[in-house]
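So the structure is just underneath, and the comments pick up after that.
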Amino acid sequence: MVKRSIYLDHASATPVDPRVLKVMLPYFTHWYANPASLYSIARKVKTDVEKARSVVAGSINARPEEIIFTAGGTEANNLALFGVAQALRNRGNHVITSQIEHQSILSPCKVLEKQGFKVTYIGVDQFGLVNPKEIERAITPETILVSIMLANNEIGTIQPLTDIGKITRRHKVYFHTDASQCLGLLPVDVQGLKLDLLTLNSGKIYGPKGVGALYVRRGTQIRPSILGGSQEMGLRAGTSNVPGIIGFAKACELATKDQEKEQKRLSNLRDKLITEILKIPGSRLNGHATERLANNINVSFSGIESEALLFYLDTSGIYASAGSACHTSTISPSHVLLAIGLSPELAQGSLRFTLGRSTKSQDIAYVSQVLSTTIDKLRSVSQER
Ligand SMILES: *Cc1c(COP(=O)(O)O)cnc(C)c1O
């Protein structure tokens with residue numbers, strides 16, 4: 001059999017779309033001028049950066065001046081939390097988030113706690129859903145910010161942001177969401193969701209890595225966390241990553257243009273693969289059956305170590321991830337899987353497959369067949385021991 005190569009880890013990184021790369025290239029070697037300079041070629045670069053800002057804004061129903069380009073999702077999340085906390089520290093010292101956020105939310109929250117802020121980490125149900133009523137109950141006169149991710153990067157659960165947005169609006173509390181995984185997989189509308197801040201991430205949507213943006217609703221009080229020049233409305237100093245920004249905007253354009261079609265195609269493939277995988281004895285689906293990112297499958301297998309399983313899948317040309325890539329260098333089980341109630345043992349036997357533009361329907365049969373025979377093999381070996 002010809003060795004295949006099936007990449008199913010699009011939640012950790014996506015290939016740069018050739019159409020994205022093509023529009024980026026001239027900005028490395030030809031249009032390299034600093035957009036802050038005053039001569040004509042720099043003004044052309046500045047104009048193109050501003051066009052890119054409009055495209056990114058358009059993809060989430062925002063205004064161009066509400067888009068702050070950053071060096072990725074981590075930086076945008078840090079800016080949202082530290083920026084709002086600093087600006088409003090005299091008004092209140094309470095932040096609400098969830099237990100299943102990305103580390104780039106949870107780690108800044110830990111620092112805020114050391115700085116004297118109180119942080120409430122809302123739990124989730126067995127499917128990974130936050131209950132909006134619990135958020136409302138947690139709000140106090142001290143609350144300045146609620147940060148709840150739009151969709152979880154490990155288990156794919158999509159949160160009821162519309163309901164949360166109504167609550168934060170009513171209580172006049174800022175509302176931030178990390179939408180790093182979402183563009184191209186579901187509609188994202190900052191007006192409909194009543195958001196004040198939103199994180200975007202180029203590297204997860206077929207754009208270059210190391211670029212992203214924070215949407216900051218006009219009038220939102222926020223302080224910069226990287227200081228220097230006056231770029232990005234004074235909120236993010238540093239010479240603009242022009243090729244990155246141009247590529248990111250193209251990625252946003254492509255993602256939103258094809259969103260409906262791709263969401264349908266991928267959720268169809270996702271559900272087929274889930275059905276096949278659940279035929280394997282001792283398997284279970286993690287996350288929500290329907291409130292789920294179109295490309296996400298997270299499953300646990302009893303009595304299996306995911307590292308061993310990943311190794312054998314790799315030898316068959318299948319590239320997946322154990323829970324979340326961020327956890328692979330440590331042995332501790334995923335905080336997300338623990339939060340939905342999995343035992344540490346079952347959490348250690350969990351795999352995440354995230355489909356993408358290259359995923360074809362033939363891949364589904366191959367992956368489920370390899371998975372099933374590999375698990376049989378691993379289980380019979382562990383029984384012999
Ligand atoms: C990948 C990811 C991030 C971090 O983005 P970087 O580009 O690595 O900085 C943040 N949040 C979520 C949900 C992600 O999936």
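Quick notes on this one:
- Strands (runs of 3 or more DSSP E) completely within region 74-170 that count 2 or more residues being within 16 Å of the ligand (Cβ to nearest atom): 94-98
- Residue within region 45-61 that is within 16 Å of the ligand (Cβ to nearest atom), farther than 18 Å from Gly238 by Cβ, among the small types (Gly, Ala, Ser) and in the same structural domain as Ile135 (by TED's automatic domain parsing) present: no
- Scanning region 1-44 for residues that are among the small types (Gly, Ala, Ser), within 16 Å of the ligand (Cβ to nearest atom) and surrounded by fewer than 16 Cβ atoms within 10 Å (Cβ to Cβ) returns a single hit, Ala13.
- Restricting region 29-67 to residues that are part of a helix (DSSP H, G or I) and hydroxyl-bearing (Ser, Thr, Tyr), the residue that is farthest from Ser202 (Cα to Cα): Ser40
- Single unsatisfied condition, Asp178 versus (1) within 16 Å of the ligand (Cβ to nearest atom); (2) closer than 14 Å to Ile67 by Cα; (3) of a type in the set (Asp, Glu): (2)
- Some residue of region 242-253 being away from the ligand (no atom under 13 Å from the Cβ) and in a loop (DSSP other than H, G, I, E, B): no
- Region 152-162, residues that are under 19 Å from Gly287 (Cβ atoms) and surrounded by fewer than 18 Cβ atoms within 10 Å (Cβ to Cβ): Pro160
- Among the residues of region 99-130, those identified as farther than 14 Å from Phe82 by Cβ, β-branched (Val, Ile, Thr) and either assigned by TED's automatic domain parsing to the domain that holds Leu338 or more than 16 Å from the chain's Cα centre (by Cα) (or both) are Thr120, Ile122, Val124, Val130.
- Hits in region 170-209 - residues which are of a type in the set (Lys, Arg), within 15 Å of the chain's Cα centre (by Cα) and surrounded by fewer than 24 Cβ atoms within 10 Å (Cβ to Cβ): Lys209
- Taken together, the residues in region 190-241 that are out of contact with any Asp or Glu (no Cβ under 6 Å at 6 or more places or on another chain) and either hydrophobic (A, V, I, L, M, F, W, C) or not in a loop (DSSP other than H, G, I, E, B) (or both) amount to 23.
- Any hit, region 64-73, residues being more than 16 Å from the ligand (Cβ to nearest atom), surrounded by fewer than 17 Cβ atoms within 10 Å (Cβ to Cβ) and either closer than 30 Å to Ile148 by Cα or outside the structural domain of Arg352 (by TED's automatic domain parsing) (or both): yes
The values are calculated or read from the model by the stated rules, or taken from the named source; none is laboratory data. Being a predicted model, the structure only gives us computed values, none of them experimental. Because the Cβ atoms are built from the backbone with ideal geometry, glycine has one as well, and the counts that use them run over all protein chains shown.
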